[in-house]
Structure formats: structure tokens, C-alpha cells
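Comments concern the structure below.
The values are calculated or read from the model by the stated rules, or taken from the named source; none is laboratory data. Keep in mind that what you see is a predicted model, and the values were worked out from it rather than measured. Neighbour counts are summed over all protein chains in view; Cβ atoms, including those assigned to glycine, are modelled from backbone coordinates with ideal geometry. Keep in mind that these areas ignore ligands, DNA and RNA; they rest on the heavy atoms of the full protein, side chains included. Shrake-Rupley method; radii C 1.70, N 1.55, O 1.52, S 1.80 Å.
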Number of protein chains: 2
Amino acid sequence: RDAAFTAEVLRLLDNKTKPVGALGRLEALALRIAQVLGDAQPVLREPQMLVCAGDHGLAGRGVSAYPADVTWQMVHNFLSGGAAVSVLARQHALALTVVDCGVRREFEPQPGLLVRRIAPGTADALVQGAMTPEQCAQAIANGREIVRGLPGNALLLGEMGIGNSSSAALLLARLGGLDLAQCVGPGTGLDATGLRHKREVLSEVLARHEQARSPLDALAALGGFEIATLVGAVLEAASQRRVIVVDGFITGAAVLVAHALQPWVTQRCVASHESAEPGHALLLHQLGLSPLLRLDLRLGEGSGAALAWPLLVSACAILREMASFDSAGVSRQSEAGGGTA
Amino acid sequence: RDAAFTAEVLRLLDNKTKPVGALGRLEALALRIAQVLGDAQPVLREPQMLVCAGDHGLAGRGVSAYPADVTWQMVHNFLSGGAAVSVLARQHALALTVVDCGVRREFEPQPGLLVRRIAPGTADALVQGAMTPEQCAQAIANGREIVRGLPGNALLLGEMGIGNSSSAALLLARLGGLDLAQCVGPGTGLDATGLRHKREVLSEVLARHEQARSPLDALAALGGFEIATLVGAVLEAASQRRVIVVDGFITGAAVLVAHALQPWVTQRCVASHESAEPGHALLLHQLGLSPLLRLDLRLGEGSGAALAWPLLVSACAILREMASFDSAGVSRQSEAGGGTA
């Protein structure tokens, strides 16, 4: 049945008034969205940008170029409309929901903010697991519940958390079976000295949690509240057949965990971009996803997902609105006369 | 003065609430648009998609996978809203103007169509120059006049003309001083035999016009009415400081001619994408332009320019709407304390 549906969509694309395959990767994107939504005339409805925020005990170990307070400050910036993801979500009419999954400092209640705090930041993974198994399970459950409460058939993933490129690197190394040094990059902007220090710290963390090998054990030991919440969001959105737009290295790490739990979730995913963070290309390779954009972004927040969003809308519009050769009365390649064969 | 303006825009970008450079190539794009418009808070107004169409005498030599009638048919498809560029222009609210620069068969007058016909198709460049110098000058003047009549501060370039990837390849080889074989590709979809034939024909054409070496001589001998009209459009738009969004191989060839006449025009240009046509990467290199998208498109029409358009809008929005560190009360990297340095 799936093969028949795929053949139908490919036939529709091939009959559009253009040479076969001339819209390149936009055609593959159209097929992917049609498959996720089970609709050969797909319509993306009420897209939701979900930005999960949390703090990291490891941030106290000097693994980030920014102080941990920036997580809290940036959540305010998201909500007041001045951050990159706020600007881009507004441009593309993406509903923006920010979740406090466990930021160190609390927030006053405000529109657009969901409070699903597990604790004021994770524990220091150099000393103990970043989360207890119970905290991790609660964060995943929160992510599932949040998605159940959101309308629409498309979910764009975003995040904020000073120190979370460390969690992503650790999860990639552990679950992908990769050398840690390859997975660790400058994040928001460490210099060479800072990067060397980050590699040393993360190497100790990985050794400390040698036994955390299952997806959930690794997530609890090495992850973060925002990453675990995103894992739940991805699992729920995938099971509901929403189109999931993955942002950068951190949201990609959440998809990697979800994929390790349920390999088929990546069938519901679109990789928006490949970032400048060196581990991201390795992560996308692990997921078998091909990025739409390569703009050397390294911001996170969901900014890359938002930038790629209009390409998804275009892909659907091509399928729905382009004329066929027959309907438009355009000659096909095979009808070419002798002189122009 | 220009250096001071550039420094001002870079300072604005660096003070936005993100790590320096974290929006990657979007920041370079924002700077480029600000420079073209001379405005550090740039607003793109009334963007115009200009699709120039013309037929080619060389199409009778079997250099295209499609019959020449398709030019006329596709112009109808553009105007009735069923072509890729129609769908994408609608999505992004780009005003669409289609120009008959010299299609073999005439059109009834209709909304959205400008008639600036030089002749019903160019002459066969294997026998004589594709255009006379007078025809070529008239087409360039038409392009200038068309742009003077269009509102807005951004011009997106599109084209249609069965056989015009041959003209583009010939212009690239001649004006770029490149080996012709590198510049010739399958266009809309020639097979290996067709491609071999196209190379043989174009090699003869290039030898036949050995003397046509100046930009205008080469354009007249090897170009097309739609390409010459686009050259005029590019020259006029550049002199008016409009942002010019280049599409693929054919519109790129028009920019190459304009650049050979007035080297500074590329300062007003944004390259929307690098297509699957092998000569396009060489052409962009000649122009010194770096493409925003690489989606293996090979359709033309302006489809790639339309797909990249929202990235230009995003780049302006970042400059205009993102908060600064000071206005948002977010800590900078340099303020990081010892533990998080």
C-alpha cells in the first residue's frame, strides 16, 4: 500500500509541467511530506515551533563560551520577540511555544511560556547522572503531553540551554559509537583553548558513565531536560504523523535518541540544515537525513528549522498547484519531433 | 563612506542577541542587501519576478530535449498560474511579469504579459549571428525600459526559451575563456547521445563566430532575445540599486554579459542557487557569487530565485527586528565568569 502511494506521488510529480526531476531535491521533499501526511495533495496546517529550554550542571565546568544565566535571559528574549527564532517564526506565521523544562531561575507566568520544570538545571554529569531515570521519564512524558496539546500537522524543533552542545556531543558519541573528539565542537564559540578543555571534560564524563549504553540510560546520564522533553515531543509527533522539522545539533541529538528507541521516527523528519558545528554532519549521517540548507548556521533556537520552513511549503504547493502536461497543453519530451529529439 | 556603512552594519549584526557570526551566511546576505539598498534597516518592497521568453534558431539543430513549441506553451502556463514559477511567485507574493521577447508564435494580449518581440525567434547561429547588432541593442533597451516601468526595489530574474542553455554555454565559454565542453550540459534532460550532439553543434557555432569577442558582439552572435532583454534589465536594476536575485544558468549568463559591460553590477546581485547544470558552478565562480541553495534544480523559469526569496526577507528581518544584547538584557560572551569562560 505504501509502495502504491509512493508510486502515485512520483507519477504526479513526473506529470507536472517540468522536465522529470527538474525540481531536484524539492521533489524528494514533496514526496516525504506526502508520505508523512498520507496525502498526495498535502497541506501543512498550523505549524508549531516548539522551543525547549533547560540548564546544565556541566555548564559550571567551563564547557560553554557563555554564562548559564543566558538560558534564562534568552527565554525572555524569545517571548518578547527579539530573538532570531522569534523574528523568523513571525515571518513564517509559525506559532511559537517556549517550554521551561528546567531552567535554573524561574519565570513569571506569561503568554507563550509552558512551565514543565523538572528541576533548576540538571546535575553535574561529571559527578552523577545529569538526570535520574525518573526525571528523564518525566521529561519525556512532558514532551509527549505538550505535543498532544498543540494543533496542526507540523512540528518544528528548537532549543535553548547553555552547555547543551556538550550533551549532544556525548549522546552522539555514545549512541552513534563514534570517537568523542569528532563529536565535540566549539558550540556557541569556544576558542581553541576552550575547545581543548571541553574535550577533556566530556571525555571524563563519558568514562564516568561507561555503563549508560541503552538510549534511555544514555539520555538520563548525559542529556538535559530540554533534550529529553524534545525526545518525547518527537516520539509523539511521529506517532501522530506530523511532519517534524529538525533544527541543528541539539534537536538532532534528541531525534537520535528517539530514533534509537523507535527507528521509524526519522521517516517523519525533515533535516532543515547542516550547521557549522562539526558533529552535526556526523549526526545527520547517523539519522540518514539529508539537510536542505547549508548556511553555516550555529545558533540553534530553531532558527534553521524556521529558515527552511518555506521550502516545505513550496514542496506542498508544487504537488497541489502545478499543472500537468495534459491540463496545460504542454508537449512532452517524448513528443519532440525529429529536429529537436 | 562605504567602508563606514559596512562597519556600521557589521556592528549592528554583531550586537544582535546571538554569538558573533552564528547566523552564518544569512549575515553576509543581510550585509549585501543593506549595501545594495544603502539602508542598515533594509526593507524589500514590491519584489518583481521578471520572466523573459524567446525562441532560438539553434533549437532546430536538435540541441534541446524539447520541441521549440514548448516556449510558447510554457508562457501560457506561466500566465495561467500552473507553472512552477507561477506557484512559487504566488506563495511569496512576487509580482509576475512575463515578456515575449521573441517567441516564434504570437500571443493574444493578456494580463501579466508584456510584448517586446524583436522577431519570431533568433536566427540559426550555425549560419549567421543569432541577432543583428541592432536587434541585440533593441532587446537590451527593452529590458532597461521594462525595469523602469516596474515598482519595487528587488528584481528576480527568470527565463524561458527552448535551446537557451546552448546560448548560455556559448556565452560562458566565450566571455569566461573556458573550454566549451565544460560549459555544455544536458539542459532540460538530454541523454548522452543528445549531449554529444549538442557539444558538436555548439563547437561549430563557437568556431563560426570566432570574431565575436566583445560582450555585445558575443551576445548578438551567440545569445537570445530573452537573454539580451535580461542584460538590459540587469543593467537598469543595478544602476537603480535594486537587489537582483539571479536564478540559474541562463539568467546567470545574462548577468555575465552585464558584468562584462559593467563589472560592478554583481555587487547588486544575490545568487539564489547552484543548479544541476554542470556549467552553472563555473559561471557563479566567474561572477564571484556564492549560491544560497544547492537543491539540484535544473528548471529555470525563475524557480530557484523564488525558492531562495524568503531567505532574503529573513536576512532583512534579522537586521531590522532582532534585539541587541543591551536592549534585551542578555549577557555577552566576554562577560562570562571564570567557571564558564
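Counting other C-beta atoms within 10 Å, and keeping those with at most 16, which DSSP coil trypsin sites (Lys or Arg not before Pro) do you find in region A:1-86?
A:1, A:45
Rounded to whole Å, how close does chain B get to the rotation axis onto A by Cβ? Give me the residue too, please?
B:310, 2
Answer with one residue from B:109, B:314, B:176: the one whose Cα lies farthest towards the positive end of the charge dipole of chain B, charges on Cβ with Lys, Arg +1 and Asp, Glu -1.
B:314
Enumerate the residues in region B:49-83 having an amide nitrogen under 14 Å from the point lying 7 Å beyond the Cα of residue B:128 toward its Cβ.
Residues passing the 14 Å test: B:57-58.
For the protein assembly as shown, give me the percentage of DSSP beta bridges that are antiparallel, rounded to the nearest 5 percent.
Around 5 percent of the beta bridges assigned by DSSP in the protein assembly as shown are antiparallel ones.
Keeping every protein chain present and rolling a 1.4 Å probe, give me the accessible area per residue for region B:48-311 in Å².
Accessible area per residue, region B:48-311: 31 Å².
Check each residue of region A:81-116 and keep those whose accessible area, probe 1.4 Å, is at least 20 Å² smaller with all protein chains in place than in the chain alone; give them in order of residue number.
Going by heavy-atom accessible area, the residues of region A:81-116 that drop by at least 20 Å² are A:82, A:84, A:87, A:88, A:90, A:91.
Which FRET efficiency, nearest 0.05, do residue B:95 and residue A:196 yield, Cβ-Cβ r, R0 45 Å?
Result of the calculation: an efficiency of 0.25.
Using the 7 Å Cα-to-Cβ label point, sort the distances from residue B:290 to its equivalents in the other copies shortest first and give them in nm to one decimal.
For residue B:290, the other copies' label points sit at 2.4 nm, shortest first.
Compute the distance in nm between two label points, each set 7 Å from the Cα along the Cα-to-Cβ direction, one at residue B:262 and one at residue B:107.
The answer from the label model is 2.6 nm.
What are the ³J(HN,Hα) couplings of region A:16-33, residue after residue, when phi is run through the Karplus curve with 6.51, -1.76, 1.60 and θ = phi - 60°? Round to Hz, x for glycine and proline.
5, 6, 6, x, 4, x, 5, 8, x, 6, 5, 6, 5, 5, 4, 4, 4, 5
For chain B, modelled as a Gaussian network with Cα springs under 10 Å, which listed residue fluctuates most, B:236, B:277, B:204?
Answer for the Gaussian network model of chain B: B:204.
Between chains A and B, what is the buried accessible area summed over both chains (1.4 Å probe, protein heavy atoms, nearest 100 Å²)?
4900
Got the residue B:115 label distances to the other copies yet, label 7 Å along Cα→Cβ, in nm, shortest first?
7.0
Cα to Cα, under 23 Å, and not fewer than 8 places away if on the same chain: which lysines meet these conditions relative to residue B:18?
A:198
Carbon-plus-sulfur fraction of the accessible area of chain B, 1.4 Å probe, in percent?
Carbon and sulfur atoms account for 50 percent of the accessible area of chain B.
What are the label-to-label distances in nm, one decimal and shortest first, from residue A:193 to the same spot in the other copies, with labels 7 Å along Cα to Cβ?
From this label point to the equivalent ones elsewhere in the assembly: 6.9 nm.
Apply the Debye scattering formula to region A:44-155, with a single equal point scatterer on each alpha-carbon and no solvent, then give log10 I(q)/I(0) at q = 0.11, 0.12, 0.15, 0.17 Å⁻¹.
So the normalised log intensities work out to -0.39, -0.46, -0.71, -0.88.
Could you tell me whether region A:48-311 comes out rounded, prolate or oblate from its Cα gyration tensor? Rule is a ≥ b ≥ c as square roots of the eigenvalues, rounded for a/c under 1.5, then prolate if a/b exceeds b/c, otherwise oblate.
Note, shape of region A:48-311 comes out rounded.
So which aspartates and glutamates pass the test for residue A:16, namely a Cα distance under 15 Å, with those fewer than 8 places away in the same chain ruled out?
Output for residue A:16: A:8, A:27, A:321, A:326, B:301.
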